[in-house]
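Student: Structure provided below as structure tokens; questions to follow.
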Amino acid sequence: MLLQFLKETAKLAIIAVLLSFLLRRYLRWRKPNLATTAEEHRLFVLLILGAVLIGLKVSEEALIGGSGPIDKAILLFVHRNVPPSWTPFFEMVTLTGSFRVLFPLSLISCLTLFAFKKRFESLLLALSTICGGLTIYLLKQLTDRERPALWETRWYWGTSFPSGHTLETTCFAMALALCLRPIWPDKVRPVRITALLWVVLVGWSRLVLGVHWPTDVMAAACIGMLIPLAVQFLLVRMALAKAK
């Protein structure tokens, strides 16, 4: 089981590196003006490609049936090794990824950006969070994956795939990081680290509480990271087309 997991991981890593190499070669050939930017952000490009591949692979496995043995093994390992006394802390963490917290936080952030005349950033954040919510709703309606029942847990609405808390948190955190990058270029690294830590804690809390399979969380994080990037790309393309 572990050997198979390592083989699949290595395969995805090799594919991601190969695609990154081919993309850089293509840009040097057809888009020299973009090649320099891609080279400067090659790790970021590699991360995006990795997220796409992992998201597709995990989603495929999650959608074709129930959870696999690796899912169950990881969830039971978490349950055995996280002390019950930590549960209240992770309940608070998971609350930060809920609609009750993210909706007002997104609204306040969008209005603040708009008030400071950062209309592009405000639109990016708003559309990213809305698209994230719609993606969660559609995937939960289309899938029929049951939530884990390995031990007694609180009841949550909907199917297990994907983890809505993780997806929406990742979506908001990624979009906010993209918005703050041009505003505070010197604070990019702390913002990214904080966003990553928040996403990891929310995703981990879903496992500690036993309400999602690990693949639900992994796929949600990948999808949530890609949505703001796609929204940003479309907004930039629309702005360029309008300028012409």
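What follows draws every value from the coordinates through simple rules; no lab data is involved. All values reported here derive from a predicted model rather than from experimental measurement. Counting neighbours? That spans all protein chains shown, and the Cβs are built from the backbone with ideal geometry, glycine included.
Student: Using the per-residue mean of other Cβ atoms lying within 10 Å as a proxy for protection, in what order, highest first, do the peptides 204-212, 145-153 fall?
Tutor: 204-212, 145-153
Student: While we're here: At a Förster radius of 45 Å, what calculated FRET efficiency corresponds to the Cβ-Cβ distance of PHE114 and TRP86, to the nearest 0.05?
Tutor: Values: r = 39 Å, r/R0 = 0.86.
Computed FRET efficiency for PHE114 and TRP86 comes out at 0.70.
Student: How do 163-170, 135-142 rank on mean C-beta neighbours within 10 Å, highest first? Please list the in-between numbers first.
Tutor: Details: 163-170: 29.1, 135-142: 15.5.
Put in order of decreasing packing, that is 163-170, 135-142.
Student: With only alpha-carbon atoms counted, please give the Rg and Dmax of region 66-243, in Å.
Tutor: When restricted to Cα atoms, region 66-243 yields Rg and Dmax of 17.3, 58 Å.
Student: Counting only pairs 8 or more residues apart or on different chains, how many lysine pairs in region 66-243 have their Cα atoms under 26 Å apart?
Tutor: Value for region 66-243: 5.
Student: Between PHE77 and LEU95, what is the spin-label point distance in nm, taking each point 7 Å from the Cα along the Cα→C-beta axis?
Tutor: It is 3.1 nm.
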